[in-house]
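Accompanying notes for the structure given below.
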Amino acid sequence: MTNAMDTDANATDALVDIPGGYDLREVEQFLYREARFADESDYDSWEALWTDDALYWVPAGNDDAHPLEQMSVIYDNRNRISTRLKQLRTGKRYAQAPPSNLRRMINNVELLGGRAAESIAEPDLEVGANFLVLESRPRGNHLWGGRVTYRLRRVEGALRMSYKKVVLVDKDKPIPTLGFLI
């Protein structure tokens, strides 16, 4: 069995047709809920949205490079996501002292197609969306923008994320402290 950290997060297999059983409105509502959980530091609810084989990736620089061959801002499997959240829950994450006030907007949501995964019979639904996050801190406000690629699947009838890749617009510039969930 292949470890999620060893797989190519930028898979070369082609997208297939959009798998059946997905509705754009349902997908949008899922993405909005995921954003709200992150904005409001509802880490238990946010963590529950992930599958057991999840991968969370924020490339640094070239977003087409393989994550195991180039540095990433974040490249977490499911265990590392859980560890990151445990750190945030302590309240002692000094990059977030005091915590940022966040609000994100998700738009231009597109159902892109299906993407096969080793661990499941049906392909995951691949979704693309643009985002803008307003971070308010005592030192001032910062806007984070970019494009997110999600892979969603049904687990016991509910949508879950198996993959999230966040490509920042400013990926080629120095990144100020990123101590929250992007």
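The values are calculated or read from the model by the stated rules, or taken from the named source; none is laboratory data. Just so you know, these numbers come straight off a predicted model, no measurement behind them. Glycine also receives a Cβ, built like all others from the backbone with ideal geometry; neighbour counts cover every protein chain displayed.
Things worth noting here:
- Pair list, Cβ < 8 Å and 6+ apart or interchain, from segment 104-122 residues that are more than 8 Å from Leu15 (Cα to Cα) to residues that are among the aromatic types (Phe, Trp, Tyr): Arg104/Phe131; Met105/Phe131; Ile106/Tyr32; Ile106/Phe131; Asn107/Phe131; Leu111/Tyr22
- If the condition is being in contact with a Leu (Cβ under 9 Å, 6 or more places away or on another chain), modelled with pLDDT under 85 and not in a helix (DSSP H, G or I), then segment 1-28 contributes Thr7, Asp8, Ala9.
- From Leu49, Leu31, residue being touching a Lys or Arg at 6+ places or on another chain (Cβ under 8 Å), closer than 12 Å to Leu159 by Cα and modelled with pLDDT of 95 or more: Leu49
- Some residue of segment 66-74 being touching a Leu at 6+ places or on another chain (Cβ under 7 Å), free of Cβ contacts under 8 Å to residues at least 24 places away in the same chain and not in a helix (DSSP H, G or I): no
- Test: Gly114 is modelled with pLDDT under 95 and surrounded by 14 or more Cβ atoms within 10 Å (Cβ to Cβ): no
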